[in-house]
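Reviewing the structure listed below.
The values are calculated or read from the model by the stated rules, or taken from the named source; none is laboratory data. This is a predicted model, so every value here is computed, not measured. Virtual Cβ from ideal backbone geometry, glycine too; neighbours counted across all protein chains shown.
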Amino acid sequence: MEQAEVAATLRSFVSRSGAVHVVAATPAGMFGCDASGYVSFQLTEEDEPIEVTIDLRAVAAELDVDPHALPPFDADALAGEVTGPLGGLEHTAAAALSLSRALGAPTVVVVWLATEDDTELAISARDGEGCVVVLGDEQFEMDESWPPRGGQPPENPAA
C-alpha cells in the first residue's frame, strides 16, 4: 500500500472512530495520526522522522468493520476495569483488527481511546493474533477469540 493510502486510511479511521491517536507499524515504516488528522511518518531503519509528501487526494482503504465514535470510557487502572457502552470496547478492538487487515500483514496498529479522566486506554491489534488492551501501566493479552467476530457496534452510542 502506498504511503498516501496509509495516511488517508488512518485519517479516516481516527475521524470515524473518535480515537485520540492511532499508530500503524507497517513494513514501509511507522505512521501516526492524531485526533486533528495530522499524520506523521518515520522509516523504521531511521532514527529521526523524515518529511514525506502525502497526496491528500488518496483514497482510504475499505474496512470490514465500520468504526463508530463512542463517548469517553470510564477507566479504572487500579481495578483493571473499563466501563462504557455495552460492546464498545469489543467494537473498537474489532475495528482496530479491521484496520490492521486493511493495511496488510504484518501491520500492527495501536489505537488510543478517550477516557473520562485521561487514564491511558489503548488497544493493540494485529490480524491473526489476540489483541492487547493497555490500561494505565497494565497490559491485558486477550485470547484470539476476542473480540467476538460478527458483532455489531452499539446502537446510537452518543445518545
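Any residue at all in the range 114-123 that's under 14 Å from LEU10 (Cα atoms) and of a type outside the set (A, V, I, L, M)? Looking through the range 114-123, none of the residues is under 14 Å from LEU10 (Cα atoms) and of a type outside the set (A, V, I, L, M). Taking the listed residues THR83, THR26, THR9, the one that is within 24 Å of GLY130 (Cβ to Cβ), of a type outside the set (D, E, K, R) and in contact with a Ser or Thr (Cβ under 6 Å, 6 or more places away or on another chain) is THR26, with no other qualifying.
Counting only residues that are of a type in the set (Phe, Trp, Tyr) and in a strand (DSSP E or B), which one in the range 2-43 is surrounded by the most Cβ atoms within 10 Å (Cβ to Cβ)? Per the criteria, the residue is PHE31.
Any idea which of ASP55, ASP117, ASP137, ASP64 is under 17 Å from SER17 (Cα atoms) and acidic (Asp, Glu)?
On the way: ASP55 fails: under 17 Å from SER17 (Cα atoms); ASP117 fails: under 17 Å from SER17 (Cα atoms); ASP137 fails: under 17 Å from SER17 (Cα atoms).
ASP64 is the lone residue from the list that is under 17 Å from SER17 (Cα atoms) and acidic (Asp, Glu).
Among what's in the range 114-131 and is over 10 Å from ALA96 (Cβ atoms) and of a type in the set (A, V, I, L, M, F, W, C), pick the residue that is surrounded by the most Cβ atoms within 10 Å (Cβ to Cβ). Selected residue: LEU121. Of the strands (runs of 3 or more DSSP E) lying entirely inside the range 89-143, those containing at least 3 residues that are closer than 24 Å to ALA61 by Cβ span 108-112, 121-125. Of all the criteria given as (1) acidic (Asp, Glu); (2) exposed (fewer than 11 other Cβ atoms within 10 Å of the Cβ); (3) at pLDDT 70 or above, the one not satisfied by GLU48 is (3).
Considering the conditions (1) in contact (Cβ under 8 Å) with a residue 40 or more places away in the chain; (2) over 24 Å from ALA25 (Cβ atoms), ALA79 is excluded by exactly one of them, (1).
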